[in-house]
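Step one of this worksheet: look at the structure below.
The values are calculated or read from the model by the stated rules, or taken from the named source; none is laboratory data. What you see is a predicted model; the values in this text were computed from it and never measured. All accessible areas refer to the heavy atoms of the entire protein, side chains included, with ligands and DNA or RNA removed. Shrake-Rupley method; radii C 1.70, N 1.55, O 1.52, S 1.80 Å.
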Amino acid sequence: MILYKPGTQFLYKGRTVSVDYVIIKRTGLWIRLAHSEEVCRPEDLTPIAPQGAGLTR
């Protein structure tokens with residue numbers, strides 16, 4: 001599960017973006033990007049793993 005809380009960073013169109021807030025419409029879930037007027041679908045965002053998360057397989 002991916003949490004879309006304000007400030008969470010993702011890759012979008014080759015750049016790092018931050019989530020501003022989530023918009024729920026009849027057409028589905030949309031994400032408003034911080035510091036812009038741009039909105040996108042959640043499936044367009046690529047999560048960025050936190051540095052030094054210590055993930056194991």
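What to note about this one:
- Once all protein chains are placed together, T16 keeps about 80 Å² accessible to a 1.4 angstrom probe.
- Surface exposure of segment 7-47, expressed per residue as accessible area with a 1.4 Å probe, stands at 68 Å².
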